[in-house]
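Taken together, the values in this text are just the output of simple stated rules run on the coordinates, not laboratory data. This is a predicted model, so every value here is computed, not measured. Virtual Cβ from ideal backbone geometry, glycine too; neighbours counted across all protein chains shown.
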Amino acid sequence: MDGLTLRRGSAADLRAVFRLNRVVFDEAWSLASLHAALESGFDLLLCEDNGLLAGYLLSQDILDEVHIMQIAVAAAYRRRGIATRLTRALLRDKAAMSRMLLEVRASNTAARSLYVRLGFREDGRRPAYYAPDADGFREDAVLMSMSVR
């Protein structure tokens with residue numbers, strides 16, 4: 001992965017994160033919400049290609065658990081292992097925690113497969129969790145977790 005580097009993100013990175021967030025997610029966070037997340041202690045991990053944002057992972061520690069809030073990879077960088085690399089780096093950083101958790105759209109089979117390969121297991125569902133689409137359909141969230149230690 002020539003040129004790809006990981007580093008901790010800061011408030012100075014949030015405009016680029018916000019732009020990618022709006023492209024990747026149907027329910028994008030506002031720039032103010034991203035700032036508030038960092039100010040309240042969320043962790044931001046970036047993957048860059050020679051200074052350009054290729055992907056990011058936003059997480060929150062709650063007691064002895066790590067919640068992955070978002071993983072986003074720019075379209076030009078997909079299928080290059082960036083989400084795997086970001087998640088493994090988070091696992092290394094959070095080795096003292098007990099569990100890692102996340103929610104993923106039920107239809108996002110690629111992400112669900114990735115998480116299973118990384119050691120997550122499906123724990124349940126949150127019915128109609130996501131905001132309705134244009135037809136009024138509210139998609140379920142699949143709950144996934146893994147032991148960290």
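For the stretch 79-93: of the residues being without any contact (Cβ under 8 Å) to a residue 60 or more places away in the chain and not in a loop (DSSP other than H, G, I, E, B), which is surrounded by the most Cβ atoms within 10 Å (Cβ to Cβ)? So the residue we want is T87. Scanning the stretch 1-51 for residues that are assigned to a loop (DSSP other than H, G, I, E, B) and surrounded by fewer than 14 Cβ atoms within 10 Å (Cβ to Cβ) turns up M1, D2, G3, S10, F25, D26, E27, S30, S40, G41, N50, G51. Inside the stretch 6-30, residues that are aliphatic (A, V, I, L, M) and farther than 18 Å from A74 by Cα make up a count of 2. Would a scan of the stretch 125-139 turn up a residue that is out of contact with any Cys (no Cβ under 6 Å at 6 or more places or on another chain) and within 21 Å of L63 (Cα to Cα)? No; the residues of the stretch 125-139 include none that is out of contact with any Cys (no Cβ under 6 Å at 6 or more places or on another chain) and within 21 Å of L63 (Cα to Cα).
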